[in-house]
1. Restricting attention to the stretch 77-97, and to residues there that are at negative phi and in a loop (DSSP other than H, G, I, E, B), which single residue is surrounded by the fewest Cβ atoms within 10 Å (Cβ to Cβ)?
2. Given the conditions (1) at positive phi; (2) at pLDDT below 85, report the number of the one that GLY114 does not fulfil.
Amino acid sequence: MYITANGNKIHVGDTLTLGTPTSEEMNTRTYESSYGEKKIRGAIGDSRSTSTKTYAYIRLGRPGGIGNILMGAAGETDLMANETFKRTVVLVTEIKAFHRGSSNKPLNVLLTLGEINGRAFGMNKNLTVTDTELALEYKEILLQHARLTRDEAIAKLKEAKELMEIEMMTREEF
């Protein structure tokens with residue numbers, strides 16, 4: 001079990017929902033004109049850019065999994081989950097705590113999330129939340145029964161009061 005900074009509890013076996021990605025990754029590909037196997041001399045390459053929202057704290061694969069080891073050996077960086085995972089329901093399969101660097105540094109908590117709605121396969125059938133506190137703060141992961149922060153509770157009360165004032169909610173419901 002892990003107790004978050006604002007008092008929420010996360011257990012192995014809990015269900016989480018992936019929220020909104022907070023990062024943006026830019027991919028640029030250049031294509032060269034050709035005719036079958038023969039390249040056309042002097043042809044101008046076609047450059048196309050695509051922008052994809054990605055999660056800053058949720059990556060594909062397990063921590064230290066074979067896929068991440070192979071990518072690291074090839075000099076590539078972690079493959080972050082993208083916006084296609086938004087609103088996906090996942091299961092917490094593992095919780096790990098460790099110090100980044102020396103034991104004087106604060107603990108970091110990794111969550112391993114189980115197979116994603118049966119959509120994933122192969123080396124990346126799991127997801128890893130690389131910084132649980134930041135993923136919660138930026139709403140990349142959403143807890144099913146999270147405690148409201150003070151600001152969220154006040155906002156809900158104000159909304160309920162307004163609904164009562166315009167008679168869309170009774171005093172008893174308030």
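The values are calculated or read from the model by the stated rules, or taken from the named source; none is laboratory data. This structure is a prediction, so every number in the text was calculated from the model and none was measured. For neighbour counting, all protein chains shown are included, and Cβ atoms are generated from backbone atoms with ideal geometry for every residue, glycine included. Side chains included, ligands, DNA and RNA excluded: accessible areas come from the protein's heavy atoms. Shrake-Rupley method; radii C 1.70, N 1.55, O 1.52, S 1.80 Å.
1. The qualifying residue surrounded by the fewest Cβ atoms within 10 Å (Cβ to Cβ) is THR77.
2. Failing condition for GLY114: (1).
Here's the yes/no breakdown for (1) at pLDDT 90 or above; (2) charged (D, E, K, R); (3) open to solvent by 60 Å² or more (accessible area, probe 1.4 Å):
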| position | (1), (2), (3) |
| --- | --- |
| ASN126 | no, no, no |
| GLU133 | yes, yes, no |
| LEU136 | yes, no, no |
| LEU142 | yes, no, yes |
| ALA146 | no, no, no |
| THR149 | no, no, no |
| LEU157 | no, no, yes |
| LYS161 | no, yes, yes |
| GLU165 | no, yes, yes |
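Yes/no matrix, rows are residues, columns are (1) free of Cβ contacts under 8 Å to residues at least 24 places away in the same chain; (2) within 30 Å of ASN108 (Cβ to Cβ):
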position: LYS125; (1), (2): yes, yes
position: THR128; (1), (2): no, yes
position: THR132; (1), (2): no, yes
position: ALA135; (1), (2): no, yes
position: GLU140; (1), (2): no, yes
position: ASP151; (1), (2): yes, yes
position: GLU159; (1), (2): yes, no
position: LEU163; (1), (2): yes, no
position: MET169; (1), (2): yes, no
